[in-house]
1. Highest first, please rank the peptides 34-45, 6-17 by the mean number of other Cβ atoms sitting within 10 Å of their residues.
2. Using 13 Å as the cut-off for backbone N distance, which residues of region 52-68 belong to the label zone defined by a point 7 Å from the Cα of ALA42 along Cα→Cβ?
3. Below 11 angstrom from the Cβ of VAL46, what's the summed charge of the other residues (Lys, Arg +1; Asp, Glu -1)?
4. Using the per-residue mean of other Cβ atoms lying within 10 Å as a proxy for protection, in what order, highest first, do the peptides 64-70, 18-24 fall?
5. Computed FRET efficiency, Cβ-Cβ of LYS35 and ALA69, R0 22 Å: what is it to the nearest 0.05?
6. Can you send over the solvent-accessible area of MET72, 1.4 Å probe, protein chains only, in Å² to the nearest 10?
7. Using modelled amide H (1.01 Å from N, peptide plane; none on Pro or chain starts), what sits under 5 Å from the amide H of ARG82, excluding residues fewer than 5 places away?
8. What net charge is computed for the residues neighbouring VAL77, neighbours being all others with C-beta under 15 Å from the C-beta of VAL77, Lys and Arg scored +1, Asp and Glu -1?
Amino acid sequence: MQLQSLILPLLIVLLAVPLFLQARKQKRAMAEQQKLQNSITAGDRVMTTSGVFGTVVSTSDDTIDIEIAPGMTTTWVRQAVREKVNTEAETPAVEETPAAEAPAEETKVEDAKTEDAESAEKQKTS
């Protein structure tokens, strides 16, 4: 009889704890998003919730103007901004390969051919 009286409170606790933790997590995420949206200033590179990238031109209390192409400015609600984009990570440096590296690639191909030939010879002798 003692075990049956503990089942209902235990079941309530098992259901209530995940709901409580989820609510805390959601509240924290909303606070971070609100902080981000309030910190948007002119010149920031942002991404909207629809995936449009642009640079903030001007801001007001509840809207921002984003330049999505040179000379094309659109007005968005502040809540439409998903994140600030780091401009340094967006434009990776492209290095040109010098002509001296081309022969090295050819030797790699030749090495692979010789390794294939050696493995074929080993299989024939086995």
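1. On the way: 34-45: 12.3, 6-17: 9.4.
Highest-to-lowest ranking by the protection proxy: 34-45, 6-17.
2. Only 56-60, 65-67 pass the distance filter.
3. Working: positive: ARG45, ARG78, ARG82, LYS84; negative: ASP44, GLU67, GLU83.
Result for the neighbourhood of VAL46: +1.
4. Peptide ranking by packing, descending: 64-70, 18-24.
5. On the way: r = 29 Å, r/R0 = 1.30.
It comes to 0.15.
6. 100 Å²
7. Those qualifying (amide H under 5 Å, at least 5 residues apart or on another chain) are MET47, THR48, THR49.
8. Details: positive: ARG78, ARG82; negative: ASP61, ASP62, ASP65.
It works out to a net charge of -1.
The values are calculated or read from the model by the stated rules, or taken from the named source; none is laboratory data. As the structure is a computational prediction, the values presented were derived from the model and not from experiment. Counting neighbours? That spans all protein chains shown, and the Cβs are built from the backbone with ideal geometry, glycine included. For accessibility, only protein heavy atoms count, side chains too; no ligands or nucleic acids. Shrake-Rupley method; radii C 1.70, N 1.55, O 1.52, S 1.80 Å.
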